[in-house]
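Undergrad: My questions all concern the structure below.
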Amino acid sequence: MARIPYADIETDAVRPLADKIVAQRGSILHLYQMLLHSPAVADGWLAYLTSIRQESSLDAALRELVIMRVALLNRAPYEADQHAPIALSEGVSEEKLAGLAHWPQCALFDPRERAVLAYVDAMTQDVQVPDQVFAGVSAHFAPQQLIELTATIAAYNMVSRFLEALQIHSHDAR
């Protein structure tokens, strides 16, 4: 159960933004219901994550591999629960999802994916990225995609840290 109650989405102050979230996302997930305690933060979050997920030029399957690896490293089950079906729908195989836990030893990942996963690991676990890791990932991407990749990793680290600090889980009652 979450550490604080979820926001009431029926209040006059929150309803317009709640409607905007439903229009963009189809429903109000637990994450957004918690964020709605601060409409300004929720609105900014929605804009940022929408740009990451829907307006980026990154390959969608690669983006979902990134998100799933961040969720795994940060022990964020809600994030993984939300993104596993998306990853599968974007063409990531169940075998690759299972292989993320031990990707350096898993032959399923191509050189580009390996470079990205090394970058995810460095950004998530160490924050500072070694030159060798950055050189490896930058060999596969133009500057725009490097920015979008870096922003995606950073964004989903933010998401998982928010979720875990407040103990937001898929099975929570609203």
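The values are calculated or read from the model by the stated rules, or taken from the named source; none is laboratory data. All values reported here derive from a predicted model rather than from experimental measurement. Positions of Cβ are backbone-derived with ideal geometry, glycine not excepted, and every protein chain shown enters the neighbour counts. Each accessible area value is taken on the protein alone, full model and side chains, heavy atoms only, with ligands, DNA and RNA left out. Shrake-Rupley method; radii C 1.70, N 1.55, O 1.52, S 1.80 Å.
Undergrad: Can you run phi through the Karplus equation (6.51, -1.76, 1.60; θ = phi - 60°) for the stretch 132-137 and list ³J(HN,Hα) in whole Hz, with x for Gly and Pro?
TA: Going residue by residue, I get 5, 5, 5, 4, x, 6 Hz, with x marking Gly and Pro.
Undergrad: When averaged across all projection directions, what area in nm² does the alpha-carbon convex hull of the stretch 42-87 cover?
TA: Working: hull surface 13.2 nm².
Projected area, direction-averaged: 3.3 nm².
Undergrad: Using a ≥ b ≥ c from the Cα gyration tensor of the stretch 1-100 (square roots of the eigenvalues), is it rounded, prolate or oblate, where a/c under 1.5 gives rounded and otherwise the larger of a/b and b/c decides, a/b for prolate?
TA: Details: a/c = 2.57, a/b = 1.73, b/c = 1.48.
Prolate, because a/c is 1.5 or more and a/b exceeds b/c.
Undergrad: Right, here's the next one. Quick check: at a probe of 1.4 Å, how many percent of the accessible area of the stretch 30-97 sits on carbon and sulfur atoms?
TA: Numbers: 1440 of 2780 Å².
The value for the stretch 30-97 is 52 percent carbon and sulfur by accessible area.
Undergrad: Determine the calculated [θ] at 222 nm for the chain from helices alone, applying -39500 (n - 2.57) to every DSSP H run no shorter than 4 residues and normalising by the residue count; nearest 500 deg cm²/dmol.
TA: Details: 9 runs with 108 residues, N = 174.
Mean residue ellipticity, 222 nm, calculated: -19500 deg cm²/dmol.
Undergrad: In percent, what relative contact order does the chain have, based on Cα pairs under 8 Å that are 6 or more apart in sequence?
TA: On the way: 175 pairs, mean separation 55.1, N = 174.
About 32 percent, as a whole number.
Undergrad: Separate question: If you scale each eigenvalue of the Cα gyration tensor by 5 and take the root, what three semi-axes come out for the chain, rounded to whole angstrom and sorted largest first?
TA: Values: eigenvalues 181, 56, 43 Å².
In descending order the semi-axes read 30, 17, 15 Å.
Undergrad: Dipole of the stretch 1-159, Cα-centred, from +1 at each Lys and Arg C-beta and -1 at each Asp and Glu C-beta, to the nearest 20 debye?
TA: Working: 11 positive and 19 negative charges, 25 e Å.
Rounded to the nearest 20 debye, it is 120 debye.
Undergrad: Rounded, prolate or oblate: pick one for the stretch 94-164, where a ≥ b ≥ c are the square roots of the eigenvalues of its C-alpha gyration tensor, a/c under 1.5 means rounded, and failing that, prolate if a/b is larger than b/c, else oblate.
TA: Working: a/c = 1.61, a/b = 1.04, b/c = 1.56.
Oblate, since a/c reaches 1.5 and b/c is not below a/b.
Undergrad: Along the three principal axes, how long is the stretch 6-61 when you take its alpha carbons, biggest first, rounded to the nearest angstrom?
TA: Computed over the stretch 6-61, the largest-to-smallest principal extents equal 38, 19, 17 Å.
Undergrad: Determine the shape class of the stretch 42-145: with a ≥ b ≥ c the square roots of the Cα gyration tensor eigenvalues, call it rounded for a/c under 1.5, and otherwise prolate if a/b is greater than b/c, oblate otherwise. Walk me through the numbers before you get to the answer.
TA: Numbers: a/c = 1.42, a/b = 1.13, b/c = 1.26.
Rounded.
Undergrad: Dipole size in debye (nearest 20) for the stretch 28-104 around its Cα centre, Lys and Arg Cβ +1, Asp and Glu Cβ -1?
TA: Dipole about the Cα centre, nearest 20: 180 debye.
Undergrad: Also, quick follow-up: Rolling a 1.4 angstrom probe over the protein heavy atoms, how many square angstrom per residue are accessible across the chain?
TA: Ligands and nucleic acids excluded, the figure is 49 Å² per residue.
Undergrad: To the nearest Å, what is the center-to-center distance of the stretch 6-61 and the stretch 124-165, using C-alpha atoms only?
TA: Their Cα centres are 22 Å away from one another.
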